[in-house]
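First the structure, in the form of structure tokens, and then the observations on it.
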Amino acid sequence: MSVIIGSARIDERGKISGGAAGDQKQGATPDYKGEVSMQSFYVHKKGWFVLRPKNSKHAKAMAQLMKDACNNVHLGYDQNNRYGVIKYGIHTTANTECDCSSLVRECIKEATGIDPGDFNTSSECDVLGRTGLFEARKVYRTERVLVAAVPSTESVMHGIDISHWQEKINLRSVPAEFVICKASQGTKMKDDCVDRFATTVLECGRLLGLYHFADGKSTGKQEAEWFLECIKPYVGQAVLVLDWEGDASKRSVDYALEFLRTVKERTNSNPMIYMSFSTIKEKEWSSVAAEFPHLWGAAYGSNPVRTTYLDCRPSQSADPFVNVMWQYSSRTHLTGYNGDLDANVFYGSKKDWVWLSNGTVLEDVPVTVLYYPKYTGSSDSIVTALIKVGETDTSFAHRKMIAEANGIKDYQGKAGQNLKMVKELKKGTLIKV
């Protein structure tokens, strides 16, 4: 899930005005070389101002319009003729011009039906902020911000977080794409189960996370050093998290910032911070979010007992952070553990998890797909067929997960839905959960 930037850059002569109308530098699409073109996310010495659309449909539409503009050979760069795009639109077939700000203005106008009015790059944040279309501006001084910054549930993963309190959990059978384990607390305590848990998670091919429960009794650096001592074998293989609650939350944000900086410097990872949405409101977190924008937020609401994961987003604001993961339940019951589990949804892909873990940007991460053995029986009963191929959990909740993994939406146990799964079993192509 790499981040691509689209913008009006410079004319065909490397000047800000005076060139021919249209994009004279575009050679092919997708266009990464033209006057108006795309480029990979890069580090800016002053950081990035990020304005996030409040409406996910607006966000997607703006992104698509910017992509279309970059690939439109009729749209070039010229500050003196910057209003051409406003007159003719993103999909113009007449050769015309734009500049950085007028292009952004037209993308917003066509995506939302609202014209924010004229602005330049120096007044852009203030003018767009007054439209009410965007969340408050944020400054991020980091090499990457996961695109969960734009609300979307197109790429999500589900998982749990555990500690020694769940020592009897069977991690080989619990359904989870990722497992986050408590590793340490304060400067003396190492979780009794972390090594067994972490080793098992990695052996099973699941994604691993490790968190430190801060107690706030020393310094951020000292707690980070203890955390790193406890997780040595897993550095580079796990997302690292600072758990900020309890007594630690009474300390200043500088304590948390010192912890996160120490972890990043020693591991080359991109550590996250965990806290409840209510805790965010207690202090000014902008200095932390500028360097470590990724939040694992917590809020349960009425917290009913659940038997499956949810694709959901919190209603609470994560400002000034980007909420990339949400712990929405502490009472989820899943195969492999007889009791309550914390359930989480991660708004990203395996690629994003790897980047958070070790800073590696992967173009493609192979995903291992397991299938049930081929069913050779004659029964049309999905329960019977699953038992015959070795599945020990044929409960409705687990069958629902199997159905969803195989593209069967809104599973209700109906005959047609079950028969579809049986047919896949007979072909040996039913994805195993």
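What the table shows:
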item: Residue match in segment 301-308 (condition: in a loop (DSSP other than H, G, I, E, B), open to solvent by 20 Å² or more (accessible area, probe 1.4 Å) and in contact (Cβ under 8 Å) with a residue 40 or more places away in the chain); result: yes
item: Criterion (out of contact with any Pro (no Cβ under 6 Å at 6 or more places or on another chain), among the small types (Gly, Ala, Ser) and within 22 Å of residue 155 (Cα to Cα)) met by exactly one of 349, 302, 379; result: 349
item: Number of positions in segment 245-264 that are out of contact with any strand residue (DSSP E or B) (no Cβ under 8 Å at 6 or more places or on another chain) and part of a loop (DSSP other than H, G, I, E, B); result: 2
item: Residue list for segment 321-338, filter: open to solvent by less than 20 Å² (accessible area, probe 1.4 Å) and not in a strand (DSSP E or B); result: 321, 334
item: Hey, residue 364 within 30 Å of residue 265 (Cβ to Cβ), of a type outside the set (Gly, Ala, Ser) and at pLDDT below 95 or not; result: yes
item: Residue within segment 226-241 that is in contact with a helix residue (DSSP H, G or I) (Cβ under 8 Å, 6 or more places away or on another chain), surrounded by fewer than 23 Cβ atoms within 10 Å (Cβ to Cβ), farther than 19 Å from residue 197 by Cβ and at pLDDT 95 or above present; result: no
item: Residues satisfying the stated conditions in segment 175-214, i.e. open to solvent by 10 Å² or more (accessible area, probe 1.4 Å) and assigned to a helix (DSSP H, G or I); result: 195, 196, 199, 200, 202, 203
item: Yes/no for residue 354 being surrounded by 20 or more Cβ atoms within 10 Å (Cβ to Cβ), in a helix (DSSP H, G or I) and aliphatic (A, V, I, L, M); result: no
item: Qualifying residues in segment 59-86 (those that are over 14 Å from residue 22 (Cβ atoms) and more than 34 Å from the chain's Cα centre (by Cα)) - the one least open to solvent (accessible area, probe 1.4 Å); result: 82
item: Evaluation of residue 262 against (1) within 25 Å of the chain's Cα centre (by Cα); (2) more than 25 Å from residue 192 (Cβ to Cβ); (3) of a type in the set (Ser, Thr, Tyr) (one fails), failing number; result: (2)
item: Answer from 227, 259 - the residue that is over 26 Å from residue 315 (Cβ atoms) and in contact with a His (Cβ under 6 Å, 6 or more places away or on another chain); result: 227
item: Options 221, 182, 168; residue that is over 30 Å from residue 404 (Cα atoms) and either modelled with pLDDT of 95 or more or not β-branched (Val, Ile, Thr) (or both); result: 221
item: Flag for residue 397 being under 32 Å from the mean Cα position of the chain (by Cα) and without any contact (Cβ under 8 Å) to a residue 60 or more places away in the chain; result: no
item: Of the criteria (1) free of Cβ contacts under 8 Å to residues at least 40 places away in the same chain; (2) closer than 26 Å to residue 135 by Cβ; (3) surrounded by fewer than 16 Cβ atoms within 10 Å (Cβ to Cβ), which one residue 311 fails; result: (1)
item: Which listed residue, of 415, 385, 397, 403, is farther than 30 Å from residue 271 by Cα and exposed (fewer than 13 other Cβ atoms within 10 Å of the Cβ); result: 415
item: Strands (runs of 3 or more DSSP E) completely within segment 1-114 that count 2 or more residues being more than 25 Å from residue 320 (Cβ to Cβ); result: 36-40, 75-77, 96-98
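For every residue, the table says whether it meets (1) within 31 Å of the chain's Cα centre (by Cα); (2) buried (at least 20 other Cβ atoms within 10 Å of the Cβ); (3) modelled with pLDDT under 80.
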| position | (1), (2), (3) |
| --- | --- |
| 11 | no, yes, no |
| 19 | no, yes, no |
| 22 | no, yes, no |
| 27 | no, no, no |
| 33 | yes, no, no |
| 44 | yes, no, yes |
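This table checks each residue for (1) assigned to a loop (DSSP other than H, G, I, E, B); (2) buried (at least 16 other Cβ atoms within 10 Å of the Cβ).
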position: 266; (1), (2): no, no
position: 278; (1), (2): no, no
position: 284; (1), (2): yes, no
position: 296; (1), (2): no, yes
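Each row is one residue, and each column tells you yes or no for (1) aliphatic (A, V, I, L, M); (2) within 22 Å of residue 116 (Cβ to Cβ).
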{"residue": "15", "(1), (2)": "no, no"}
{"residue": "66", "(1), (2)": "yes, yes"}
{"residue": "71", "(1), (2)": "no, no"}
{"residue": "74", "(1), (2)": "no, no"}
{"residue": "78", "(1), (2)": "no, yes"}
{"residue": "82", "(1), (2)": "no, yes"}
{"residue": "90", "(1), (2)": "yes, yes"}
{"residue": "97", "(1), (2)": "no, yes"}
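The values are calculated or read from the model by the stated rules, or taken from the named source; none is laboratory data. Please read all numbers here as calculations on a predicted model, not as lab measurements. All Cβ positions, glycine included, derive from the backbone under ideal geometry; neighbour counts span all protein chains shown. When the accessible area is computed, the model is the full protein with side chains, heavy atoms only, and any ligands, DNA or RNA have been set aside. Shrake-Rupley method; radii C 1.70, N 1.55, O 1.52, S 1.80 Å.
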